[in-house]
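Worksheet for the structure shown next.
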Amino acid sequence: MAASKPKVIPGFSVTLGVTLAYLSLVVLIPLAALIAKAAGMSATQWLATLGDSRVLASFRLSFGGAAIAASVNGVFGLLVAWVLVRYRFPGRKIIDALIDLPFALPTAVAGIALTALYAPNGWIGHLLPFKVAFTPLGAIIAMIFIGLPFVVRTIEPVLQDVDRELEEAATSLGASRSQTFVRVILPAIAPALLTGISLAFARAVGEYGSIIFIAGNLPGFSEIAPLLIVTKLEQYDYVGATAIACLMLAASFALLLAINLLQKWNRQRRGAAS
Amino acid sequence: MNRDPLLIRWLLIALAIGFLLLFLALPLAAVLTEALRKGVLAYWHSLGGDDTLASIRLTLIVAAIAVPLNMVFGLTASWAIAKFDFAGKAWLVSLIDLPFSVSPVISGLIYVLLFGAQGILGPWLIAHDLKIIFAIPGIVLATLFVTFPFVARELIPLMEEQGRDEEEAALTLGAGGFRTFWAVTLPNVKWGLLYGVLLCNARAMGEFGAVSVVSGHIRGLTNTMPLHVEILYNEYDFVGAFAVASLLALLALVTLVAKTALAWWHRAELGATAGH
């Protein structure tokens, strides 16, 4: 848009140079250290770590638990977003502000607070007939906590934009409320919902602070993959830590790509609607 | 405004509020109750311990270094990206967002692989008697990494939205580059900048995983507040752990209130992405 104007704003080379230099120093070179370490590892070293049953169990919990937590967030995040956007009730604005708590609350604080609640003698724990804290279920509870705002905040603006006239048209043509929801509203918000769920999933896979307190960290049972990286580092097993980290990093990048595609779809859907 | 039957409406509201009470309000309440379990005196006493005060001091020092650096970077990067057209711009924006998709533990690990005793630069650092890992520089670096995108990602869309006309007008009228930045650009983005700095600061003071990997957990020396919470908790000093946690929870609440106030009063000046 500015291509026709003469370029008069100064400072391009300086600001771009500083940006690239700082980005390289803080982010790119350290990440390259991980890649360099991984590139120097032999196939046997990779297999020794990634074939280990304890490592595999930690991946199962980190990815499987994150998938369950993200699905729960998908359902309840949609419900919360719906209530906040569509209904007016006292305290709505305070609740809306509180949604971001998991973004703002340090993960260690969330971790010990959830543990206090769900421990066998805790407020919630003593009401339940089964154990939550110190089991994989505890890890999933922490994953739900940290993932919730991603789903709510991604759906809210899209839900606001859903064409009310389309809904009314569906109703006047004889569609029931649930038919309208499934046929009109759900397709309109589907890209945003999927984006939110993917973001919550990505965050839960890599989460560490809030989980390690409540999960109990029993090897092969309630131990998450990020914790295993820390454990391997403490044992000076840099090769093992690097192997797990690389696999997780590859998964995050694949997710990032998927989320970018979803967001593009979301923008197209929204662009077509308005 | 909506034609959902009253019963369904209240049922959904009750369900949503119930879920949020369970997952958001109760943990907050638990922090406060556990911290005050043995009374206000025990609470104050546990906050006055030497190691606790040292952890508060370290957290403030780390934030005081990391937040301004990332703020200056955010302003520089958004000036380059929003005010000019160049090839690879979309790539650069994605790279700036990259730290958000890296697990905190991996964010710490990469610095250990670079600067640790067995790391790439380890032998050189030891030969020159420099300590980065298990010392404050490592904690600052890990914090810089995890808070890297906050200010930039707030400012880039905002500055792009505002365009270049005002700057070009100022320059045509004879203002220099710096004068234009101070008198035109900065006032236009000040609320967005504050918003980004608030979020950056909350994360800098609250970061756990990345800092945990590089800190070495030396009491009174390399323990930040979140790490000190973990140590006290693992020593079964629950009042102490929740007392320090209550300070961090207070920081989170202040951040939320300030951020919400900014979004209410200055929504128009915060750009499209703000509000979450």
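The values are calculated or read from the model by the stated rules, or taken from the named source; none is laboratory data. Owing to the predicted nature of the structure, the values given are computational and were not obtained by experimental measurement. Cβ placement follows ideal geometry from the backbone for every residue including glycine, while neighbour counts extend to all protein chains displayed.
Observations on the structure shown:
- Counted residues, the range B:82-93 - those being in contact with a helix residue (DSSP H, G or I) (Cβ under 8 Å, 6 or more places away or on another chain) and either at the interface with chain A (Cβ under 8 Å from one of its Cβ atoms) or surrounded by fewer than 20 Cβ atoms within 10 Å (Cβ to Cβ) (or both): 6
- Taken as a whole, the condition of being under 23 Å from the mean Cα position of the chain (by Cα), closer than 23 Å to residue B:164 by Cα and either surrounded by fewer than 15 Cβ atoms within 10 Å (Cβ to Cβ) or modelled with pLDDT of 95 or more (or both) applies to residue B:75.
Condition check ((1) surrounded by fewer than 19 Cβ atoms within 10 Å (Cβ to Cβ); (2) over 24 Å from residue A:104 (Cα atoms); (3) at pLDDT below 95; (4) among the small types (Gly, Ala, Ser)) across all residues:
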site: A:157; (1), (2), (3), (4): yes, no, yes, no
site: A:164; (1), (2), (3), (4): yes, yes, yes, no
site: A:183; (1), (2), (3), (4): yes, yes, yes, no
site: A:207; (1), (2), (3), (4): no, no, no, no
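- Every pair of residues 6+ apart whose Cβ atoms lie under 7 Å, when the first sits in the range B:40-65 and is in the same structural domain as residue B:202 (by TED's automatic domain parsing) and closer than 25 Å to residue B:197 by Cβ while the second is of a type in the set (S, T, N, Q) and in a helix (DSSP H, G or I): B:62/B:143; B:63/B:201
- The set of residues from the range B:201-210 being surrounded by 24 or more Cβ atoms within 10 Å (Cβ to Cβ) and either more than 10 Å from every other protein chain (Cβ to nearest Cβ) or in a loop (DSSP other than H, G, I, E, B) (or both) comprises B:204, B:207, B:208.
- Only one of the numbered conditions (1) more than 8 Å from every other protein chain (Cβ to nearest Cβ); (2) at pLDDT 95 or above; (3) out of contact with any Ser or Thr (no Cβ under 9 Å at 6 or more places or on another chain) is not met by residue B:143, and that is (3).
- Within the set A:205, A:184, A:230, the sole residue that is free of Cβ contacts under 8 Å to residues at least 60 places away in the same chain and under 26 Å from residue A:102 (Cβ atoms) turns out to be A:230.
- Out of B:158, B:141, sole residue that is under 25 Å from residue A:34 (Cβ atoms) and either buried (at least 20 other Cβ atoms within 10 Å of the Cβ) or not aliphatic (A, V, I, L, M) (or both): B:141
- A single entry from A:17, A:40 fulfils the requirement of being more than 7 Å from chain B (Cβ to nearest Cβ), closer than 30 Å to residue B:166 by Cβ and free of Cβ contacts under 8 Å to residues at least 60 places away in the same chain: A:17.
- Test for residue A:91: is it farther than 30 Å from residue B:24 by Cβ and loosely packed, with under 14 Cβ neighbours inside 10 Å: no
- Matching option when the condition is more than 12 Å from chain A (Cβ to nearest Cβ), without any contact (Cβ under 8 Å) to a residue 40 or more places away in the chain and more than 22 Å from residue A:23 (Cα to Cα), among B:183, B:175: B:183
- Residue B:109 passes every criterion in (1) buried (at least 20 other Cβ atoms within 10 Å of the Cβ); (2) at pLDDT below 95; (3) of a type in the set (A, V, I, L, M, F, W, C) apart from (2).
- Residue within the range A:241-251 that is within 11 Å of another protein chain (Cβ to nearest Cβ) and in a loop (DSSP other than H, G, I, E, B) present: no
- Search result, residues across the range A:62-75 that are surrounded by fewer than 21 Cβ atoms within 10 Å (Cβ to Cβ) and either closer than 12 Å to residue B:17 by Cα or more than 10 Å from chain B (Cβ to nearest Cβ) (or both): A:63, A:64, A:67, A:68, A:71, A:74
- Residues satisfying the stated conditions in the range B:2-45, i.e. more than 7 Å from chain A (Cβ to nearest Cβ) and of a type in the set (S, T, N, Q): B:33
- Total residues in the range A:87-102, condition farther than 21 Å from residue B:242 by Cβ and either touching a residue at least 24 places away in the same chain (Cβ under 8 Å) or facing chain B (nearest Cβ under 7 Å) (or both): 6
- Candidates A:155, A:146, A:141, A:189, filtered to the one that is in contact (Cβ under 8 Å) with a residue 12 or more places away in the chain, within 30 Å of residue B:143 (Cβ to Cβ) and touching a Leu at 6+ places or on another chain (Cβ under 7 Å): A:141
- Scanning the range A:98-134 for residues that are of a type in the set (D, E, K, R), crowded, with 17+ Cβ neighbours inside 10 Å and more than 17 Å from the chain's Cα centre (by Cα) yields nothing.
- Residue count, the range A:53-66 (criterion: in contact (Cβ under 8 Å) with a residue 40 or more places away in the chain and charged (D, E, K, R)): 1
- Residues satisfying the stated conditions in the range B:165-200, i.e. surrounded by fewer than 20 Cβ atoms within 10 Å (Cβ to Cβ) and hydroxyl-bearing (Ser, Thr, Tyr): B:172
- Residue among B:257, B:239 that alone is at negative phi, of a type in the set (A, V, I, L, M, F, W, C), assigned to a helix (DSSP H, G or I) and surrounded by fewer than 17 Cβ atoms within 10 Å (Cβ to Cβ): B:257
- When residue A:223 is tested against the conditions (1) closer than 23 Å to residue B:146 by Cα; (2) acidic (Asp, Glu); (3) touching a helix residue (DSSP H, G or I) at 6+ places or on another chain (Cβ under 7 Å), the lone failure is (1).
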